[in-house]
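Peer 1: Below you'll find the structure I mean.
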Amino acid sequence: MKNFFTFLSILIISLTVYASFNDLIPSSEKSLDKYDFSVENALNHLEVISKKPHYTGSQYHEEVKNYLVDELNLLGLKTEIQNQVVLSSWGVGTNAANIIGTIEGTNDGKSLVLLTHYDSRHHSSYGASDAGSGVATILEGLRAFLSNNKKPLNDIHVVFTDAEEIGLLGAQAFVKNHKLVDDIGLVLNFEARGSGGPSYMLIETNGKNGNLISEFKKASPQFPAANSLMYSVYKMLPNDTDLTVFREQADINGFNFAFIGDHFDYHTSLDTFDRLDRNTLWHQADYFMSMVNHFSKINLSELDSEKDYVYSNFPIIKFIYFSNSWIFPLLIFSIIFFLFIIYLGLAINKLSVQGILNGILALTISLFICLSFTIVLWKTISHFNPDYADMLHGFTYNGYYYITAFIFLNFFSLLAIYSPFFKNNSAIDLSIVPIGFWLILNVLISFYLKGAAFFLIPIYLALFTVILTYKLNFKSNNIILLWTIISLPLIYIFVPQLKLFPVGLGLNNLFITSFLLVLIFILLLPVFSNFTFKSHIKNLMLFTSIIFFVLAFINNDYDSENKKPNSILYYSDFDTKESHWLSYNNNIDAFTNQFFAEFNSDNSISFSSSSKYSTPFKQSSFADFVDIPTAEVQILKDTIIDSKRIIKLKIEPTRNINKIELTSDDSFVFDAISVQGVEYETNNSKIKVESGRFLSYYMALRDKQLIIDLNFSKDLLPNFNLIETSFDLMENDKFNLNPREDFMMPMPFVNTDAIVVSKKIAL
């Protein structure tokens with residue numbers, strides 16, 4: 001009989017694990033039947049958008065822009081292009097071209113904005129997921145929405161921003177300069193940080209999220225994937241979206257809908273039409289249709305709230321939330337409840353002091369073994385696979401195998417650690433310390449990470465189960481079933497997080513998965529302790545782990561579907577006539593070997609290039625000087641007024657330039673800087689510049705020249721450098737380079753496949 005209950009428990013847990021993932025994302029197009037959303041239409045749009053890289057300043061970027069304008073016009077929207085030079089507070093600028101379309105509503109209230117960006121990451125990303133998927137979803141979603149011939153109550157504005165990938169510049173241009181901004185009540189933003197997986201809902205608000213959450217629930221998406229912890233983690237990452245600009249600069253509330261699965265495709269040449277997960281596109285469509293149908297007809301001026309909610313996915317009802325004001329009362333009551341069950345358990349001889357002490361020992365060993373072993377083992381694997389460091393996402397193509405392998409390995413370790421304790425201690429004795437550990441975590445959460453306060457839910461379930469166990473004198477079979485059933489929310493909520501963190505944050509964070517697994521395991525101790533054939537289960541866990549490590553090893557090579565990233569950059573100093581080959585790669589491969597012969601090695605180069613993860617150059621060597629035409633620089637104005645020196649520069653490229661930068665050899669203080677008549681914004685009266693880059697401008701096709709105004713003290717002696725970058729190294733006929741092999745691709749997040757020429761500006 002006990003074997004039956006063991007099998008039943010395993011079956012229930014397995015089905016719950018399956019449901020916890022399956023409920024996050026549609027598995028069939030049928031989920032969209034009620035909306036008249038055609039995935040085929042959306043894919044047709046996506047195929048056009050992602051045909052070529054379309055970064056700001058590229059020719060295909062212009063073609064995509066024209067295509068989107070035509071499609072919005074066909075839908076009957078009032079369409080405009082906002083051409084606007086924008087310069088961020090960190091000195092990055094461009095001439096952005098935002099596409100704006102409007103559907104007029106029947107009321108005069110606040111408007112709804114449907115937001116995404118249409119530029120891809122320079123220079124090799126096709127941008128199918130990021131954010132072609134968002135563009136395609138909005139285009140087809142609008143067609144489906146308008147097909148019922150109903151007028152929305154609220155105005156709806158489509159905003160396809162430009163230059164998101166170079167610093168959210170299009171969004172800044174819109175928020176700072178467009179007249180529509182004052183009338184916006186809510187923004188729905190569709191984004192991607194990978195090419196598959198569930199799309200997670202993330203709120204952006206400067207205030208309280210109570211009304212936003214309650215209205216999200218009323219909108220009734222079929223597959224809500226959200227918890228309040230994710231936004232807390234999201235804010236810790238070096239990532240913002242266009243929606244962040246709306247929140248920070250205009251105090252406008254909004255929802256992000258973004259997916260992060262298959263993170264290895266993010267910003268790479270593998271972000272293609274074919275690799276976008278169709279299930280993910282269905283998920284975005286589900287969000288779009290449910291949200292637009294709801295928020296187009298409610299009063300968007302009433303979304304501010306006096307309450308903050310903690311929220312999470314939950315079995316059957318899919319989504320729950322409760323007020324932040326409940327956190328401390330729930331925490332205090334849980335502590336009192338916890339102390340009471342200890343007192344009661346000791347009083348009625350259901351607990352023993354020795355058993356509780358043994359529980360402390362078991363948990364301590366478990367945390368130490370699982371965390372330390374995971375960290376050490378991953379560092380060892382990384383050491384023997386140095387190419388992993390060149391995947392700047394931190395997530396390898398065989399990453400899912402590694403995640404699974406580590407989960408089963410840690411599961412084996414936990415069973416091995418607790419097996420001797422199960423023999424000599426009751427399951428309830430061993431469970432007391434885990435509940436106490438969860439309580440300590442929740443005390444910390446209540447002060448430092450309130451978004452994770454749904455961690456209180458498993459505590460109450462565990463405390464409730466302990467009381468039932470006391471009162472009903474359950475036999476072991478019934479204990480297995482009772483703890484299994486009551487622990488289903490724990491499994492449902494937390495098991496998906498085992499995968500989420502290492503995918504989104506990188507495999508260096510596998511220890512988070514180990515920690516979460518320990519948390520889940522220790523609250524299920526009464527289940528595992530009463531299992532029959534525990535040794536067989538333990539061995540199965542180890543065997544499964546080995547299988548997935550083997551699969552990771554087998555799938556460790558690069559091929560046309562999983563390409564090796566590498567980088568090369570040609571840097572030339574026009575004044576000294578010295579040139580260098582530079583690479584961000586840790587190791588030289590068949591492609592980069594043509595540039596870095598040992599005898600030509602050079603480590604003296606001081607040139608640095610900005611990158612998302614502040615990645616430094618790893619390889620450098622001398623290169624033959626190639627006469628690259630440089631921009632013509634004219635000083636249109638150089639005058640002194642009172643104590644200030646005012647300089648106007650005209651920079652006119654003589655070749656196809658993608659980016660122009662100004663650097664200073666020394667720290668410097670400007671009173672003002674403007675580019676194309678737009679001022680450098682700063683919170684201070686002065687613009688303080690450390691040595692290095694102080695201005696980066698990405699050239700749009702409309703930019704034929706660059707006018708820069710500089711204002712600083714007449715007593716200062718500036719020493720400026722002009723750096724020109726073009727993304728045409730591999731196609732430039734002045735170079736005869738061996739191309740990459742089919743299993744290679746340009747490295748994302750860094751300046752690669754580029755010609756960079758530097759020269760001093762004499763003032």
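Peer 1: Name the residue farthest towards the positive end of the dipole of the stretch 614-729 from the options Ala623, Ser674, Gln705, assuming +1 on Cβ of Lys and Arg, -1 on Cβ of Asp and Glu, about the Cα centre.
Peer 2: Ser674
Peer 1: Which angle from 0 to 90°, rounded to the nearest 10, does the C-alpha axis of helix 488-505 make with the longest principal axis of the chain?
Peer 2: 30 degrees
Peer 1: I've got another one for you. Measure up Lys379/Lys538; Lys179/Lys218; Lys648/Lys759; Lys208/Lys297 against 27 Å on the Cα-Cα distance and list the ones that go over.
Peer 2: Lys179/Lys218, as the Cα separations exceed 27 Å there.
Peer 1: Please state the charge dipole magnitude for the stretch 262-363, taken about the Cα centre, from unit charges on C-beta atoms (+1 on K and R, -1 on D and E), reported in debye and rounded to the nearest 20.
Peer 2: 580 debye
Peer 1: At a 10 Å Cβ-Cβ cut-off, how would you order Val756, Val159, fewest neighbours first?
Peer 2: Placing the least packed residue first, the sequence is Val756, Val159.
Peer 1: Continuing with this model, one more query. Between Gln594 and Ile375, what FRET efficiency follows from the Cβ-Cβ distance if R0 is 35 Å, with the result rounded to 0.05?
Peer 2: E between Gln594 and Ile375, to the nearest 0.05, is 0.40.
Peer 1: What does the charge dipole of the chain about its Cα centre add up to, to the nearest 20 debye, if the Cβ of each Lys and Arg holds +1 and the Cβ of each Asp and Glu holds -1?
Peer 2: Its charge dipole is roughly 3200 debye.
Peer 1: What ranking of Leu11, Leu542 emerges when the number of other C-beta atoms within 10 Å of each C-beta is taken as an exposure proxy, fewest first?
Peer 2: Fewest-to-most Cβ neighbours within 10 Å comes out as Leu11, Leu542.
Peer 1: Also, quick follow-up: If packing is taken as the mean number of other Cβ atoms within 10 Å per residue, what is the order of 160-171, 87-98, 695-706, highest first?
Peer 2: The peptides rank, most packed first, as 160-171, 87-98, 695-706.
Peer 1: Taking the Cα of Asn586, stepping 7 Å toward and past its beta carbon, and measuring to each backbone N in the stretch 394-413: which are under 20 Å?
Peer 2: The answer is 394-403, 406, whose backbone nitrogens lie closer than 20 Å to the label point.
Peer 1: Note down the net charge around Ile100, summing +1 for each Lys or Arg and -1 for each Asp or Glu among other residues with Cβ under 14 Å from its Cβ.
Peer 2: -4
Peer 1: Continuing with this model, one more query. Which part of the stretch 512-549 falls in the paramagnetic zone of Leu11, meaning amide N under 19 Å from the point 7 Å along Cα-to-beta-carbon?
Peer 2: 527-528, 530-534, 537
Peer 1: Another question, if that's okay. Report the extension gain between Glu681 and Phe464 in nm, rounded to one decimal, defined as 0.36 nm multiplied by the number of residues separating them, less their alpha carbon distance.
Peer 2: 72.5 nm
Peer 1: Rounded, prolate or oblate: which fits the stretch 477-544 when a ≥ b ≥ c are the square roots of the eigenvalues of the alpha-carbon gyration tensor, with rounded for a/c under 1.5 and prolate only if a/b beats b/c?
Peer 2: Because a/c hits 1.5 or more and a/b fails to exceed b/c, the stretch 477-544 counts as oblate.
Peer 1: Tell me whether the stretch 251-352 comes out rounded, prolate or oblate; compute the Cα gyration tensor, take square roots of the eigenvalues as a ≥ b ≥ c, and use a/c under 1.5 as the rounded threshold.
Peer 2: Oblate.
Peer 1: For Ser147 and Glu63 in one chain, what is 0.36 nm times their gap in residues minus the Cα-Cα distance, to one decimal in nm?
Peer 2: 27.5 nm
Peer 1: Is the shape of the stretch 96-222 rounded, prolate or oblate, going by the alpha carbon gyration tensor and its root eigenvalues a ≥ b ≥ c, with a/c under 1.5 for rounded and a/b larger than b/c for prolate?
Peer 2: Rounded, since a/c falls under 1.5.
Peer 1: Does anyone have the angle between helix 534-554 and the longest principal axis of the chain? Alpha-carbon axes, 0 to 90°, nearest 10?
Peer 2: It works out to around 20 degrees.
Peer 1: When the helices in the chain are scored as -39500 (n - 2.57) per DSSP H run of 4 or longer and the sum is shared across all residues, what 222 nm value do you end up with, to the nearest 500 deg cm²/dmol?
Peer 2: Taking each H run of at least 4 residues, the total per residue is -13000 deg cm²/dmol.
Peer 1: Angle between the Cα long axis of helix 427-448 and the longest principal axis of the chain, 0 to 90 degrees, nearest 10?
Peer 2: For helix 427-448, the angle is close to 30 degrees.
Peer 1: Right, next: Count charges around Ala700 for me, please; just the other residues with Cβ under 13 Å from its Cβ, Lys/Arg as +1, Asp/Glu as -1.
Peer 2: Net charge around Ala700: 0.
Peer 1: Can you tell which of Val495, Thr268, Leu737 lies farthest toward the positive end of the dipole of the chain, using +1 and -1 charges on the Cβ of basic and acidic side chains (Lys, Arg; Asp, Glu)?
Peer 2: Going by the Cα projections, it comes out as Val495.
Peer 1: Between Glu306 and Ile335, what FRET efficiency follows from the Cβ-Cβ distance if R0 is 25 Å, with the result rounded to 0.05?
Peer 2: 0.35
Peer 1: Continuing with the same structure: Fewest Cβ neighbours within 10 Å first, please rank Asp286, Asp665 accordingly.
Peer 2: Asp665, Asp286
Peer 1: Right, here's the next one. For Phe553 and Gln634, what is the calculated FRET efficiency with R₀ set at 56 Å and r taken between the beta-carbons, to the nearest 0.05?
Peer 2: Efficiency, from the Cβ-Cβ distance: 0.40.
Peer 1: Okay, moving on. Taking the Cβ of Glu741 as the center, what net charge do the other residues with Cβ under 12 Å away carry, scoring Lys and Arg +1 and Asp and Glu -1?
Peer 2: 0
Peer 1: Students often get this wrong, so check it: of Lys110/Lys176; Lys217/Lys307; Lys30/Lys150, which have C-alpha atoms separated by over 22 Å?
Peer 2: Lys30/Lys150
Peer 1: Oh, and also: Give the peptides 382-390, 246-254, 444-452 in descending order of average Cβ contacts within 10 Å, highest first.
Peer 2: Top of the packing list down: 246-254, 444-452, 382-390.
Peer 1: For a protection proxy built on the mean count of beta-carbon atoms within 10 angstrom, sort 460-471, 521-532 highest first, please.
Peer 2: 521-532, 460-471
No value in this document is a laboratory result; all are computed from the given coordinates. From a predicted model like this one, the values you see are computed outputs, not experimental measurements. So basically every Cβ, Gly included, is an ideal-geometry build from the backbone, and we count neighbours across all protein chains shown.
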